[in-house]
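Below: the structure, in structure tokens.
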Amino acid sequence: MIDLYCERLGPGPLAEPLNALTNSAFLVSAWWLLQLARRGGARGGWDRGLLMLAGLALAIGVGSTLFHTVATGWALAADVIPILLFQLLVLLLYLRRHVGLPVMPASGLCLAFLLACLAGRSWPTVLNGSLAYAPTLLVLALLAWHQQRSGAPASLGWACGLFSLSLLLRSLDNLLCALWPIGTHLFWHLLNAVVLVLSGTALLSSGRHTGRNNGTVQGAWR
């Protein structure tokens, strides 16, 4: 059994009931992203990038529920891998659609982000393991700055603010056990479910382009 959060007081699938239950918020996010994917498709089709994000949001909810119930090594992998894939896909889609980078430079930046996240996991005891998400906060802030400069709706600014709060609460989970026995990790779930939707909204409203061909804007992953 892996015991990482304040709410877990012993073994068993019901030892973290609130941490498990609040993962239902990710299922709502998946449904919301699915609606965005349907709305964002050209000529009545689906936005394939957002459709993949909806699938990953569903995987996040399932994987996190597994971890907060069975709390094993394989369940931890089922929890963290979809989260990392969601972040990578959001970054790739934003760089392609909104910044207009070609595939190779965008992929290179995504690889650098992946390596930074993996490096952050080398210190699992620092900030209750939240150091692994420091690159996420930095990149989200940079994308929010870019979005604000481009004059697009400030969905990533809100996402950055909510993620900062959720990261703080995740970091304080074990420190506040004496004062708040149920822990603060459940708010990590609830706030980040909103962050997922805001990220998808940013992609939908970002112009959805990767470059120009004979003066026309080309769709990215349509």
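Miscellaneous remarks
- Options Leu138, Leu115: the member that is modelled with pLDDT of 95 or more, under 17 Å from the mean Cα position of the chain (by Cα) and either farther than 20 Å from Ser199 by Cα or not in a helix (DSSP H, G or I) (or both): Leu115
- Annotation: Leu85 fulfils all but one of (1) touching a Leu at 6+ places or on another chain (Cβ under 8 Å); (2) buried (at least 17 other Cβ atoms within 10 Å of the Cβ); (3) closer than 14 Å to Gly200 by Cβ; the unmet one is (3).
- Test: Ala37 is in contact with an Asp or Glu (Cβ under 8 Å, 6 or more places away or on another chain), assigned to a helix (DSSP H, G or I) and buried (at least 16 other Cβ atoms within 10 Å of the Cβ): yes
- Pick from the range 6-47, criterion of a type in the set (Lys, Arg) and farther than 21 Å from Thr69 by Cα, ranking: modelled with the lowest pLDDT: Arg43
- Residues of the range 38-51 that are touching a residue at least 40 places away in the same chain (Cβ under 8 Å) and closer than 21 Å to Phe86 by Cβ: Arg39, Gly40, Gly41, Asp47, Arg48, Gly49, Leu50.
- Scanning the range 1-31 for residues that are in contact (Cβ under 8 Å) with a residue 60 or more places away in the chain and of a type in the set (Ser, Thr, Tyr) turns up Tyr5, Thr22, Ser29.
- In summary, Arg121 fulfils each of the numbered conditions (1) surrounded by fewer than 20 Cβ atoms within 10 Å (Cβ to Cβ); (2) of a type in the set (D, E, K, R); (3) over 19 Å from the mean Cα position of the chain (by Cα); (4) modelled with pLDDT under 90 with the single exception of condition (3).
- Only one entry in Leu101, Leu143 is in contact (Cβ under 8 Å) with a residue 24 or more places away in the chain, crowded, with 16+ Cβ neighbours inside 10 Å and outside any helix (DSSP H, G or I), namely Leu101.
- The condition (being part of a helix (DSSP H, G or I), modelled with pLDDT of 95 or more and touching a Lys or Arg at 6+ places or on another chain (Cβ under 9 Å)) is satisfied by just one residue among Leu89, Leu50, Leu58: Leu50.
- Among the residues of the range 1-13, those identified as more than 18 Å from Phe187 (Cα to Cα) and aliphatic (A, V, I, L, M) are Met1, Ile2, Leu9.
The values are calculated or read from the model by the stated rules, or taken from the named source; none is laboratory data. This structure is a prediction, so every number in the text was calculated from the model and none was measured. Using ideal geometry, Cβ is built from the backbone for each residue, glycine included, and neighbour counts are taken over all protein chains shown.
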